[in-house]
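Enquirer: Structure in structure tokens, see below.
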Amino acid sequence: MTRLNGNYMHLFLFAIAIGSWWLVKLTGSDEPSHIAVPAHSPDYFSKGYTKWEMSEQGRPKSKLIADEMTHYSDDGTTHLTNPLMFFYNDKTPPWVIQSETGILSADGKDLLLNGKVVVDRAAAEGVRELKIYSFNLKVKPEISYAETDEWAELISLPNWTTGVGMKLTFAEPIHLELLSNVKGNYETKKENPR
């Protein structure tokens, strides 16, 4: 009797397997599903992104930090939220650039900082603090260079200067140029009355 019950068990399991196969064929769920992926879709992302670049002497050259980073496979761009870029020099405090968003090119040679941009260099011996306010800054991290076609305001108290369009080199020799409509207010030295 036990052998007969074992045969019924095999027959029962075989019937379940055939029934399951028939149901899968009937519903069509055995075909692989294809999900359409949008052309410009992220392939990886990170919260708390940091990228360092070192000089040939092994010293920090630049650092890029962002709250969030999203990489897109179709064009290789990296989109950044609240990017913060540091450019290091031997003779002055680092230049710090901050913006709302940014897009780093696939080759890493171009960083477009979108929205309001603040460039800051702290004061040090022989160097006054400098703040620059502008919009939509194009940065070339590899050569420590930035430019914009937008309005820019330079403040190095007690002096301030405004203009449209700006070119800035962060590495030695540091160079800053406003391109047009330049206006400013500068403190002049007062002579001591005798």
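Each reported figure results from applying straightforward, stated rules to the coordinates on display, with no laboratory input. Because the structure is a prediction, the values reported are computed rather than measured. Backbone-built Cβ (ideal geometry, glycine too); neighbour counts: all protein chains shown.
Enquirer: Counting other beta carbons within 10 Å of each Cβ, put 85, 9, 166 in order, fewest first.
Expert: Working: 85 27, 9 10, 166 22.
Fewest to most other Cβ atoms nearby, the residues stand as 9, 166, 85.
Enquirer: Determine, from the Cβ-Cβ distance of residue 143 and residue 39 and an R0 of 30 Å, the FRET efficiency 1/(1 + (r/R0)^6), rounded to the nearest 0.05.
Expert: Working: r = 32 Å, r/R0 = 1.06.
E between residue 143 and residue 39, to the nearest 0.05, is 0.40.
Enquirer: Only counting other Cβ atoms within 10 Å, I'd like 84, 113, 178 sorted with the fewest neighbours first.
Expert: Values: 84 17, 113 27, 178 21.
Result, fewest neighbours first: 84, 178, 113.
Enquirer: Ok, one more. Considering amide H positions built from the backbone, and no H for Pro or chain starts, which residues 5 or more places from residue 101, or on another chain, come under 5 Å of its amide H?
Expert: Distant-sequence amide H within range of residue 101: 82, 114.
Enquirer: Run lengths n ≥ 4 of DSSP H only: what is the helix-derived mean residue ellipticity at 222 nm for the chain, with -39500 (n - 2.57) per run over all residues, to the nearest 500? Please report the intermediate quantities before stating the final value.
Expert: Numbers: 1 runs with 26 residues, N = 194.
It comes out at -5000 deg cm²/dmol, rounded to the nearest 500.
Enquirer: Further question: Using Cβ contacts closer than 10 Å as the measure, can you line up 87, 12 from fewest to most?
Expert: On the way: 87 26, 12 10.
Result, fewest neighbours first: 12, 87.
Enquirer: For a label point 7 Å from the Cα of residue 179 along Cα→C-beta, name the residues of segment 140-164 whose backbone N is under 14 Å from it.
Expert: Zone members listed by number: 146-152, 163-164.
Enquirer: Let me ask something additional. What lysines does residue 138 reach when the alpha-carbon gap must be under 22 Å and sequence neighbours fewer than 8 apart in one chain are set aside?
Expert: Cα-Cα hits under 22 Å: 51, 61, 63, 109, 116, 167.
Enquirer: Can you tell me the equivalent ellipsoid semi-axes for the chain? Use √(5λ) from the Cα gyration tensor, largest first, whole Å. Walk me through the numbers before you get to the answer.
Expert: Numbers: eigenvalues 841, 67, 37 Å².
One finds semi-axes of 65, 18, 14 Å for the chain.
Enquirer: Would you mind working out the magnitude of the charge dipole of the chain relative to its Cα centre, with +1 at each Lys and Arg C-beta and -1 at each Asp and Glu C-beta, to the nearest 20 Debye? Don't skip to the answer; put the middle values down first.
Expert: Numbers: 20 positive and 25 negative charges, 97 e Å.
In total the dipole reaches around 460 debye.
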